[in-house]
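Accompanying notes for the structure given below.
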Amino acid sequence: MPLWLFIFLAALAIIGAAGVVLQRHPVHSLLSLVMTLVVIAVLFIGLGAATVGFLQMIVYAGAIMVLFLFVIWLLNLQSQPLEPGHLALKFLGSLGSAALIAELLLFVVHPPPAITQNRAVAMDFGSIGRLAQSLFTDYLIAFEATSVLLLVGVIGGVALARRTTAGGGGAPGGTP
Amino acid sequence: MLAELIIGAIKAIIVLLMVLNLSAILLWFERKGSALIQDRVGANRAAIVGVGRRLGLPNLGFVNTLMADPLKLFTKEDFVPAGADRFLHALAPFLAMFPVLITFAVVPFGDTLIIGDRSINLQAANLNVAALYILATIGLGVYGVSLGGWASNNRWALLGGIRATAQMISYELAMGLAIVSMVMTYGTLDLQLMCREQGGVWFGFLPRWGIFVQPLAFLLLLTAGMAESKRVPFDLPEGESELIAGYFTEYSGGKQAVFMLVDFAEIVLVSALVTTFFFGGWQFPWLYPDGFHLPGGAFFHLPNLAVAIIQIITFTLKVVAFCWLQILLRWTLPRFRYDQLMRLGWKGLLPLGLLNVAVTACVIVFGGV
């Protein structure tokens, strides 16, 4: 990827990320987040990890953010004027962000050797075959455990969402 | 380098124009075809100073659909309701349009065209993870309709947007599973390679098309695709009798024209995907890169250019046939109820898709295919 393209995309990602914080309306914040996620996916693709990039687009931008949109709608969140906030909250918040910025700077000044060593990557780096191979051989147990965990989460969500017992009211399927 | 860029741009423009023109023609066919199905005269107004009639030709209504309609829409007032989110209201039609159009970039419309010493792959973008790309762009298509409904500050529109979102993310699963089973069958995510795999014949007469290997996946993809394009019988998001026009209730003028165009471009997209995955894409039976190998040993040599042209025409005709099928279905079936829609998606198509993937995996592992 040429440097100017990287800088352009990185700037877009940062603008989107800033928008998440600065926008007043939740839907606008969410759209900024979608923009950031899509741009990061494009960065992945440009850096040779096309599979990861497209998966990011499918899972985060295409599915999880849509669910966020649903939650915003169903809770009927409106844009709210910023709360004045407690002094203590502001103090803790600035401490936290200062720590994060310090970490980032440290990372830039003293990068870990794994990044600076210009290691040659394998030919099939980032390809779907390589990804599948590591998922289904090296990390098989972790992968399966995660999927079981997610399945449990889904079942739990369905069980919680089911408010009425059999014979209770409510349209079947829940017409929105 | 420059030549590569120019060739890429030409291919992209050809694909784009083909899709947009086909969408516009479908708009005409929707009217004339529905008139034929319902035994009406149908679109027959606005002849150009009566030229056709004077020559004794039947007026097919091309003019009012392809010229009068766009002119009317684009010169109308572009109305934005009070309290609407003006920016998102303007952005939404384009958010809906963009993912549909860029999806066509990976659909191959022919094999290789050789000009001089340069061989051109007849596909706008040759991506080796094209199947993932399709799922990603289709996933992004949700935002246009949902935000269009929300930004209009209208309850009908919002309900339409919510319905559209729920419907699209529900049917995306079945669509993804159908595509996964095709990826397993061909062992690649590259659509051009998938089309090449579908060349040749079985038993001397049956084309090696995906439909004969994965008939269930074909039904899943077609059904889920029609649900994704929000057409009857899946047109709950814009059900006129309940929601006026659903998510584009508050749209007029050019933006509404864009939403209409998206609808038809999605029909073309579903047709193109079904053709590519299940009907051999650009494969014409018995046509090989060097000419026709007919059963019985007859052989007609054809130059590369002729083969490419036959392939492009074949692909176009297959796509048009599936567009026709979808319009026919749209004018034949009644609309689902919302709970029927959700039940079909989650309890019908999703388990069938999972089963199909499992059976395909078993056949690959134990059948040694």
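The values are calculated or read from the model by the stated rules, or taken from the named source; none is laboratory data. These numbers were taken from a predicted model, which means no experiment stands behind them. Note that each Cβ is placed from the backbone with ideal geometry, even for glycine, and that neighbours are counted across all protein chains shown.
Residue-wise test of (1) touching a helix residue (DSSP H, G or I) at 6+ places or on another chain (Cβ under 8 Å); (2) modelled with pLDDT under 85; (3) assigned to a loop (DSSP other than H, G, I, E, B).
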{"position": "B:172", "(1), (2), (3)": "yes, no, no"}
{"position": "B:176", "(1), (2), (3)": "yes, no, no"}
{"position": "B:179", "(1), (2), (3)": "yes, no, no"}
{"position": "B:184", "(1), (2), (3)": "yes, no, no"}
{"position": "B:193", "(1), (2), (3)": "yes, no, no"}
{"position": "B:219", "(1), (2), (3)": "no, no, no"}
{"position": "B:224", "(1), (2), (3)": "yes, no, no"}
{"position": "B:232", "(1), (2), (3)": "yes, yes, yes"}
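When segment B:150-189 is filtered for residues that are more than 9 Å from every other protein chain (Cβ to nearest Cβ) and within 18 Å of residue B:235 (Cα to Cα), the ones remaining, listed by number, are B:155, B:156, B:157, B:160, B:164, B:167, B:170, B:171, B:174, B:175. If you go through segment B:238-253 and keep only what is assigned to a helix (DSSP H, G or I) and among the small types (Gly, Ala, Ser), you end up with B:241, B:246, B:253.
Here residue B:141 fulfils each of the conditions (1) more than 9 Å from chain A (Cβ to nearest Cβ); (2) crowded, with 24+ Cβ neighbours inside 10 Å apart from (1). Among residues of segment A:130-170 being surrounded by 10 or more Cβ atoms within 10 Å (Cβ to Cβ) and either at pLDDT below 80 or in contact with a Leu (Cβ under 6 Å, 6 or more places away or on another chain) (or both), the one that is nearest to the other protein chains (Cβ to nearest Cβ) is A:170.
Among the residues making up segment B:82-108, those that are over 28 Å from residue B:132 (Cβ atoms) and assigned to a loop (DSSP other than H, G, I, E, B) are B:82, B:83, B:84, B:85.
Looking only at residues that are hydrophobic (A, V, I, L, M, F, W, C) and in contact with a Leu (Cβ under 8 Å, 6 or more places away or on another chain) in segment A:38-54, which one is farthest from the other protein chains (Cβ to nearest Cβ)? Here the residue is A:43. The residues on offer are B:357, B:365, and the sole one that is part of a helix (DSSP H, G or I), surrounded by fewer than 16 Cβ atoms within 10 Å (Cβ to Cβ) and more than 23 Å from the chain's Cα centre (by Cα) is B:365.
On the stretch given as segment B:64-86, residues that are hydroxyl-bearing (Ser, Thr, Tyr) and in contact with a Leu (Cβ under 9 Å, 6 or more places away or on another chain) total 1. Pairs meeting the criteria (first residue in segment A:55-75 and within 7 Å of another protein chain (Cβ to nearest Cβ) and surrounded by fewer than 18 Cβ atoms within 10 Å (Cβ to Cβ), second residue of a type in the set (D, E, K, R) and in a helix (DSSP H, G or I), beta carbons under 9 Å, at least 6 apart or on different chains) are A:63/B:172.
Only one residue in B:52, B:33, B:56 is modelled with pLDDT of 70 or more and either surrounded by 14 or more Cβ atoms within 10 Å (Cβ to Cβ) or not in a helix (DSSP H, G or I) (or both), so which one is that? If you could, list the steps in order and put the result at the bottom.
Working: B:52 fails: modelled with pLDDT of 70 or more; B:56 fails: modelled with pLDDT of 70 or more.
Residue meeting the stated conditions: B:33.
Considered as a group, the residues in segment B:109-136 that are in contact (Cβ under 8 Å) with a residue 24 or more places away in the chain, assigned to a helix (DSSP H, G or I) and at the interface with another protein chain (Cβ under 8 Å from one of its Cβ atoms) include one that is nearest to residue B:89 (Cα to Cα), and that residue is B:135.
For every residue, the table says whether it meets (1) farther than 26 Å from residue B:212 by Cβ; (2) at pLDDT 90 or above; (3) away from chain A (no Cβ under 14 Å); (4) exposed (fewer than 13 other Cβ atoms within 10 Å of the Cβ).
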{"site": "B:268", "(1), (2), (3), (4)": "no, yes, yes, no"}
{"site": "B:304", "(1), (2), (3), (4)": "yes, no, yes, no"}
{"site": "B:317", "(1), (2), (3), (4)": "no, yes, yes, yes"}
{"site": "B:340", "(1), (2), (3), (4)": "yes, no, no, no"}
{"site": "B:345", "(1), (2), (3), (4)": "yes, no, no, no"}
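Kindly evaluate residue A:19 against the criterion of being within 14 Å of chain B (Cβ to nearest Cβ) and either in a helix (DSSP H, G or I) or hydroxyl-bearing (Ser, Thr, Tyr) (or both). Judged against the criteria, residue A:19 is a match.
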